[in-house]
1. Of all residues in segment 191-200, how many are in contact (Cβ under 8 Å) with a residue 12 or more places away in the chain and surrounded by fewer than 18 Cβ atoms within 10 Å (Cβ to Cβ)?
2. Which one is farthest from the chain's Cα centre (by Cα) among residues in segment 262-282 that are part of a loop (DSSP other than H, G, I, E, B), among the aliphatic types (A, V, I, L, M) and surrounded by fewer than 14 Cβ atoms within 10 Å (Cβ to Cβ)?
3. Quick check on this structure: which one of Asn153, Asn168 is at pLDDT below 95, surrounded by 15 or more Cβ atoms within 10 Å (Cβ to Cβ) and touching a Ser or Thr at 6+ places or on another chain (Cβ under 9 Å)?
4. State the number of residues belonging to segment 105-128 that are part of a loop (DSSP other than H, G, I, E, B) and closer than 14 Å to Asn153 by Cα.
5. Scan segment 176-187 residue by residue and report those that are surrounded by 12 or more Cβ atoms within 10 Å (Cβ to Cβ) and closer than 15 Å to Glu144 by Cβ.
6. Based on this model, can you work out whether Ala197 counts as among the hydrophobic types (A, V, I, L, M, F, W, C), over 18 Å from Asp127 (Cα atoms) and either touching a Phe, Trp or Tyr at 6+ places or on another chain (Cβ under 9 Å) or modelled with pLDDT of 95 or more (or both)?
7. Cβ contacts < 6 Å: first residue under 24 Å from Ala167 (Cβ atoms), restricted to segment 201-223; second residue small (Gly, Ala, Ser) and not in a strand (DSSP E or B), any location; separation 6+ or different chain. Result?
8. How many residues are closer than 21 Å to Thr138 by Cα and buried (at least 21 other Cβ atoms within 10 Å of the Cβ) if we restrict to segment 210-241?
Amino acid sequence: MKAAGFIVSVGMLCAVSVAGCSTEDGTAQPETTTVRGGSWGSGVPATELPGAGGPTTAPVQPPVITVDPTTPGPRPTGQGAPSSVPGTTAPRPPVATDVVSLVAVDAAGQPANGFTSADPTPVGVLDCSHMSPSRSATTAGIYECGASADSANVCWAAPGRASLLCANDPWQRGLRLYTVDPPVADIGRTASPEPWALELADGRHCRIRVGGAWGGRADGLVGAYSCDGGNDVVLQPSTARTAIDTSTSTWLVKIGPLGSGAPDFPAPAIVAVRTAYFAAVS
């Protein structure tokens with residue numbers, strides 16, 4: 001009887017002790033503790049850290065959010081957002097916009113860097129009585145004058161300044177020769193140049209607006225650049241200085257259509273700018 005009592009006492013000691021014990025078949029019991037209640041719930045296994053004054057748990061880390069930056073729509077944030085799929089590779093960040101200043105005419109007044117003049121005969125006479133520095137020049141010496149229909153907003157002076165060579169766009173690289181009477185004077189540089197042309201991440205080419213009558217939208221946005229590949233244009237608020245968001249290394253623009261009057265259109269799409277072209281002298 002005493003032996004049996006001794007066995008029961010040891011069994012009870014095993015049930016309440018934190019130290020590990022062996023069962024009757026000799027199998028060792030793991031040494032564990034549990035945390036009850038609180039924000040972690042009940043019955044959550046915890047590791048007892050020496051010197052910590054009691055059992056603690058390692059803090060639960062918030063999930064890692066992996067978002068494809070090319071996917072439209074709101075981005076999930078916070079601890080409750082869905083985590084990335086295990087085993088997937090995080091997408092690379094958008095490529096920074098390449099900013100290029102093109103020199104189309106050299107110091108001798110000859111086409112340069114792939115630009116050509118299709119006809120040495122002047123295509124017309126430009127009225128430069130109200131000339132100004134080109135809005136798209138990063139240096140002095142680039143002219144903007146004439147009527148809207150002339151599209152003479154990026155022009156280089158030939159020697160003697162009695163004629164101007166005006167570029168169409170950075171892609172076709174054609175130059176139109178205009179006579180100027182009287183010859184133009186030296187011209188400075190605009191304070192805040194705007195890109196002459198944009199190549200968007202989706203491949204579209206857009207050229208800066210040069211006056212003219214364009215359509216409208218109910219949201220009040222106006223056209224800033226005309227684009228190929230459809231009816232969309234680069235948009236901006238009517239009171240904004242620029243249509244381009246340059247707050248990060250990847251420049252962004254708003255793209256959408258215009259219509260007669262002020263029709264309702266969906267919100268414009270946000271598109272990255274792959275290359276922004278400016279003009280410069282050599």
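1. Selection size over segment 191-200: 1.
2. In the first step, residues of segment 262-282 are kept if they are part of a loop (DSSP other than H, G, I, E, B); the result is 262-268, 280-282.
Among the residues that remain, those that are also among the aliphatic types (A, V, I, L, M) are: 262, 267, 280-281.
Add one more test, that the residue is surrounded by fewer than 14 Cβ atoms within 10 Å (Cβ to Cβ), and what stays is 262, 267.
Values: Ala262: 28, Ala267: 18 Å.
Restricting to residues being part of a loop (DSSP other than H, G, I, E, B), among the aliphatic types (A, V, I, L, M) and surrounded by fewer than 14 Cβ atoms within 10 Å (Cβ to Cβ), the top hit is Ala262.
3. Just a single option satisfies the conditions, and that option is Asn168.
4. Let us first name the residues in segment 105-128 that are part of a loop (DSSP other than H, G, I, E, B), namely 106-110, 112-115, 118-123, 127-128.
Adding the requirement that they be closer than 14 Å to Asn153 by Cα leaves 127-128.
Number of matching residues: 2.
5. Scanning segment 176-187 gives Arg176, Tyr178, Val180, Val184, Ile187.
6. yes
7. Listed by first residue and then by second, the contacts come to Arg204/Gly229; Val210/Ser148; Val210/Ser151; Gly211/Ser148; Gly212/Ser148.
8. Count: 2.
The values are calculated or read from the model by the stated rules, or taken from the named source; none is laboratory data. The shown structure was predicted, so the numbers you read here are calculated from the model rather than taken from an experiment. Every residue, glycine as well, gets a Cβ built from its backbone with ideal geometry; the counts of neighbours run over all protein chains shown.
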